[in-house]
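The values are calculated or read from the model by the stated rules, or taken from the named source; none is laboratory data. None of the values given here were measured: they were computed from a predicted structure. Cβ coordinates were reconstructed from backbone atoms using ideal geometry, including for glycine residues, and neighbour counts include every protein chain displayed. Just the protein is used for accessible areas: all its heavy atoms, side chains included, with ligands, DNA and RNA removed. Shrake-Rupley method; radii C 1.70, N 1.55, O 1.52, S 1.80 Å.
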Amino acid sequence: MMQLFWEVPIIFIALLLLTRLQGKKAISQLTYFDYITGIILGDIAAVPLVDEGVPVTRALLSLALFGGLSILASYLGTKFRNVRLLAEGEPVTIIKDGKILEKNIERIRLDLDNLRMLLRKKDVFSVADVEFAVMETDGCLSVLKKTAQGTPTRKDLGLKTKQEKPGIEIIIDGVFDEQKLKEAKLTKKDVQNILKQHKIKDIKEVSYMEITGDGKVYLDRYHDQLH
């Protein structure tokens, strides 16, 4: 029993340090990878407290190794998009141009009843009111309503409505998104010409490029000149 008085503080401090090293994220931003990692770390820390046969040194070494791998994966994810997609997945479009994409819904194991429930949480009570909906990596649903359903609506005011569309990501982390290029009906040469207009010689200088819903170009460089 007396052994717990020094084992508990040691494990507590180890978990505290690992948590601080892993960085800060809101609960709503945790991905499935983060969630599972947290559960496993908690289980590892609890083993020597409930099983006297497991030495605390073994638990600390396990925490250090598993926590270190988790931190390494997070770090690599911030540097390389492919690693980030492998660990966290990517957002999935489930409604596009007001149409439900059944194949994508099946892919993420979502049924229509749950989809409608998620929409209601966004104050959307009819799928017909939705232009785009995306399932994010943290399990939350992002929704773009049709312009005519705004509050107050342009329709209510007797104004001509213009359908809103989400931006199309062309460059992410200095790399072309081939699928999005096709969606935007652009070639790499078209994008390179746009970059030249912004005095950018190499795609690797670009952190993020998007064609907005109204056809404008949004660019963010790795080394922005802030004033």
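Looking across the range 164-184, the residues that are closer than 16 Å to Lys216 by Cβ and in a loop (DSSP other than H, G, I, E, B) come down to Glu164, Lys165, Pro166, Gly167, Ala184. Contact map, the range 103-126: first residue at negative phi, second residue loosely packed, with under 12 Cβ neighbours inside 10 Å, Cβ cut-off under 8 Å, separation 6 or more or different chains; pairs are Ile105/Asp111; Ile105/Leu112; Leu119/Phe125.
Before we move on, is Ala46 over 17 Å from the mean Cα position of the chain (by Cα), crowded, with 16+ Cβ neighbours inside 10 Å, at pLDDT 80 or above and assigned to a helix (DSSP H, G or I)? When the stated conditions are applied, Ala46 does not pass them.
Within the option set Leu61, Leu85, Leu65, being surrounded by fewer than 15 Cβ atoms within 10 Å (Cβ to Cβ) and farther than 27 Å from Gln3 by Cα holds for one residue only, Leu85. Residue check: Val130 meets all listed conditions (1) open to solvent by 100 Å² or more (accessible area, probe 1.4 Å); (2) at pLDDT 85 or above; (3) more than 27 Å from Ile36 (Cα to Cα) but one, namely (1). If you take the residues in the range 199-223 that are touching a Lys or Arg at 6+ places or on another chain (Cβ under 9 Å) and farther than 26 Å from Lys145 by Cβ, which one is most open to solvent (accessible area, probe 1.4 Å)? Checking each candidate, the answer is Tyr222.
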